[in-house]
1. Among the residues that make up the stretch A:17-26, is at least one of them surrounded by 20 or more Cβ atoms within 10 Å (Cβ to Cβ), assigned to a loop (DSSP other than H, G, I, E, B) and modelled with pLDDT of 95 or more?
2. Go through the stretch A:420-439 and count every residue that is under 30 Å from the mean Cα position of the chain (by Cα) and either among the β-branched types (Val, Ile, Thr) or at pLDDT 95 or above (or both).
3. Out of the residues in the stretch A:364-381 that are surrounded by 13 or more Cβ atoms within 10 Å (Cβ to Cβ), more than 8 Å from DNA strand C (Cβ to nearest atom) and of a type in the set (A, V, I, L, M, F, W, C), which is nearest to A:Arg131 (Cα to Cα)?
4. Do we find a residue being crowded, with 16+ Cβ neighbours inside 10 Å, among the basic types (Lys, Arg) and out of contact with any strand residue (DSSP E or B) (no Cβ under 6 Å at 6 or more places or on another chain) anywhere in the stretch A:304-324?
5. Checking the condition on the phi < 0 side of the Ramachandran plot, out of contact with any Phe, Trp or Tyr (no Cβ under 7 Å at 6 or more places or on another chain) and aliphatic (A, V, I, L, M), which residue from A:Ala456, A:Ala474 passes?
6. Is it the case that A:Phe492 is closer than 25 Å to A:Thr361 by Cα, surrounded by 15 or more Cβ atoms within 10 Å (Cβ to Cβ) and at pLDDT below 90?
Amino acid sequence: MRTHEMRLAGRSVIGHVVETEDDLPAFADWAKQHTELGFDNETTSLDIYQPGFRLRASQFSAGAESWFLPVERHPRFAWYVTQTLRHAKKLYIHNAPFDLQVADRCLGVPLGELFPKTTDTGILSRLVDSRDRKEGGTGHKLEELTAAYIDKVAAEQIKGSVREQCKALKLTKATYFKQVSLDDEFFQIYALMDPVLAWVLAKTLDRKIPASARRLIRYEHEVARICSEISKKGFLLDREYTTELAHNLRLDGEEALQIIEAEVEKLDLDPDDFNPSSNDQVASVIQLLGFSDFKKTPKGKDKVDDALLEQLASEGMTFAKAIKDYKKAIKWASTWPEAFLANADENGRCHANINTMQARTARMSITGIPAQTLPSADWMVRRCFLADEGEVAASVDYSNMELRVMGALAPDPVMIAAFKRGDDLHLLTARAAFGDHITKDDKERKYGKGANFTKAFGGGVNAIVAQYGLPLAAAQKVDRAFDDTYKGVTSFSKKLQKQARRDGYIETATGRRLYVDKERPYSALNYYVQSSSRDITGAAMIRLDKAGFTPMMRLPIHDEVLFSFPQRDAHELAHEAGRLMTQTVGGLEVPTDPEVGGRSWGSLYGADY
DNA sequence: TCCCCGAGCGCC
DNA sequence: AAAGGGCGCTCGGGGA
C-alpha cells in the first residue's frame, strides 16, 4: 500500500493506492463504511467502443479520502470495483455517461443499474449556469469547475501535471494515458484527486441550483441515462456502401484537382505550391483571373464561399467550378463516410456521443457521428446507416415545433388560433404584409416564412434580407406585419428582454435558468423557445423509455427521434411512438409526424433501400 | 509539435 | 431603433 498526501483548498486529502491483492481487505473495510462515493476511471482513451479500449484504473472517494485500484492488473481488482459500485447508495461522478458506459462495458455493471443512484456533476453544473467558458460561464470541465468553485491553484496543478508529464516522457496526451505506468506517482495523484473533486463539486453545485430548476435534476439524469443507452447500442453502419461512397467522393475530388492544376499552370504558377483548400490562395488565383469585387469576411479577408464560386462558375470560370467541386467532394468524404468508418466498432456499429445538455439552451449535440448535421437534401450520406437485421428505419418528428411553442407560450392568440384551425402560418404572415390576394404559390409566402423564422431567431430586417434575398422595402413590410399581427409574441419578446436586462438571465417554461449576454438581449426569445422545445423532446424521450422504446431508439435530433423497428410491427410502433411524443403546451398541441422507411436511414430521404 | 481561432458549410 | 439563435467538423494558418 502506498499513500499520497495531497492539498485541496487548504485541507489535506489522503490518497491510498492499492498495489497488490494484499491491500484489498483494507479497501473493502473502508468501502463498507461509506455509502456515498465519488467515482472516476482512468482509461486508455475516450473511445469506449474502439478495439483495444481498456479500463486501467478506478478510483473512489469519500470526503477527503480516496482510493486507487489498478483494475487492468488483475481481475480481483476489477471485482472489488464492481462490488463497491453495486453496494454504493449514491455515486458522484463528473460526466457520468462516460464512466458508466465504461463500467458497463469493462466491468459488466449495467448502466441502467448505476444511473439511478448517480449524481453527475456535469449535469449539476449546467443547471447552475449552462454557459461555456468562452460565453462567460464557468465552463464544465473538471478543471474549470475546480478553479471556479474549489481551488484555483489545485486546478492549475492538476491540469499542469499531466502536461508536464507528457513533456517529460515525450508523449502526446493520447499516448500518455495508454502507456503511463500505474506505478507513476504523478499519475496516481492526478487520478486520486478526481473523485474527490467530484464529491466536493456535487455538494457545492447542488446548493447553487436555482429553486426553479431543481425539478430538472432527476429529469436530466433520466435523459442522460436514456441517451447513454442509445450510445451504447450504436447505429449499424453499411460498411460496403460507406466504403464505396468514400471512394467515389475521393475520385470526384481527384478529378476536380486535375482541372484545378491545369488551370493554375495556365497562369504560370506551380501547382505544387497551390493548396485548393486554402481560401487565401483561391482568392489570389481568382484575382489573377480578373475578378476582384470580393465581399469581405468579418476579419477583412476576401470572402470565398459557395455563392461566389457558383456565380463565377456560371460566368464560365472553369477554375471556380473545379474548386467548388473539389471542396465539396473532399469535405464530404472526410466529414461523413470516412469518419463513420473510423468510428465503427468491430461489429460495424457507430456509437455517437450524445452531449445531452451541450448548448447554452441545453439543446443536445452529437459528436462521433455528427448526426445532427448530415445533409438532408440528399439521401447519399444518411444511406450509410441501417436499421438492424430484419428491421426498418423510422422517424417521428414534431411539426413546426418551435413556432408552436413560441405561439403557445408567449401566448399569442392569433398564432394559437391559426395553428388550431390548421392554417398556413407562413401564408398568414405573407398576407398580413402583402395583401389577402397572396396565395401559397406566390414568392411572398416564402417571405412570410422567412419572417416567421427570422423573428423567432431574434433577427430583424437585415436578417430577412440576407437570408431570403428580397428587396429591403418588402422585408421592412413583412417585418412590421409580423409585429402587428403577432402582438403576443412581440410583447413576450419585450418582456423577456426586460428580464434579461434586469436579472442577466431568463427562466424557461420548465424552470431552467438561461443567462443572456448584455450586448444581445434580443436573443432571449430564441433561447426561451429553443430551450423549451428541447425539453419537450426530452420529456418525450422519458415517456418513450417508460413504454419500452429505448432499445429501438437510434438518435435524438432536436425535434425528431430516429428508430429501428422490427419490420412486421413498424407502422404500429411508429404510430405509438408518435402518440407518446405528442405534447400539449399552453393549450396547443404539438403534433408529431411518424414515418416508416426501408432498411436505411436514407430511405426516409428518398433512397430506395 | 500542439493548440486555438477563423472561415466555411452541414443541420434544426 | 436595431439586433438572426443553437450546434460539429474540416482545413489553413498563426502563435506558443
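The values are calculated or read from the model by the stated rules, or taken from the named source; none is laboratory data. In this text the structure is predicted, and so the values were computed from the model without any measurement. Here the Cβ positions follow ideal geometry from the backbone for every residue, glycine too, while neighbour counts run over all protein chains shown. Ligands, DNA and RNA are stripped out before the accessible areas are found, and what is left, the full protein with its side chains, is counted by its heavy atoms. Shrake-Rupley method; radii C 1.70, N 1.55, O 1.52, S 1.80 Å.
1. Restricting attention to the stretch A:17-26, the residues satisfying the condition of being surrounded by 20 or more Cβ atoms within 10 Å (Cβ to Cβ) are A:17-18.
Filter once more, so that each one left must be assigned to a loop (DSSP other than H, G, I, E, B): A:18.
Now drop any that are not modelled with pLDDT of 95 or more, which leaves A:18.
Yes, some residue in the stretch A:17-26 is surrounded by 20 or more Cβ atoms within 10 Å (Cβ to Cβ), assigned to a loop (DSSP other than H, G, I, E, B) and modelled with pLDDT of 95 or more.
2. The number of residues fulfilling the criteria is 0.
3. The extreme case among them is A:Met364.
4. First, the residues of the stretch A:304-324 that are crowded, with 16+ Cβ neighbours inside 10 Å: A:304, A:308-309, A:312-313, A:317, A:319-324.
Now drop any that are not among the basic types (Lys, Arg), which leaves A:321, A:324.
Still in the running and out of contact with any strand residue (DSSP E or B) (no Cβ under 6 Å at 6 or more places or on another chain): A:321, A:324.
Yes, the stretch A:304-324 contains a residue that is crowded, with 16+ Cβ neighbours inside 10 Å, among the basic types (Lys, Arg) and out of contact with any strand residue (DSSP E or B) (no Cβ under 6 Å at 6 or more places or on another chain).
5. On the way: A:Ala474 fails: out of contact with any Phe, Trp or Tyr (no Cβ under 7 Å at 6 or more places or on another chain).
Unique residue meeting the criteria: A:Ala456.
6. Details: closer than 25 Å to A:Thr361 by Cα: yes; surrounded by 15 or more Cβ atoms within 10 Å (Cβ to Cβ): yes; at pLDDT below 90: no.
It is false that A:Phe492 is closer than 25 Å to A:Thr361 by Cα, surrounded by 15 or more Cβ atoms within 10 Å (Cβ to Cβ) and at pLDDT below 90.
Matching residues to (1) within 16 Å of DNA strand B (Cβ to nearest atom); (2) within 26 Å of the chain's Cα centre (by Cα); (3) not polar (S, T, N, Q):
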site	(1), (2), (3)
A:Lys487	no, no, yes
A:Ser491	no, no, no
A:Gln497	no, no, no
A:Ile536	yes, yes, yes
A:Gln583	yes, yes, no
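Residues checked against (1) away from DNA strand B (no atom under 13 Å from the Cβ); (2) in contact with a strand residue (DSSP E or B) (Cβ under 7 Å, 6 or more places away or on another chain); (3) modelled with pLDDT under 90; (4) under 30 Å from A:Glu589 (Cα atoms):
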| position | (1), (2), (3), (4) |
| --- | --- |
| A:Asn355 | yes, yes, no, yes |
| A:Arg363 | no, no, no, yes |
| A:Thr373 | no, no, yes, yes |
| A:Ala393 | yes, yes, no, yes |
| A:Asp397 | no, yes, no, yes |
| A:Asn400 | no, no, no, yes |
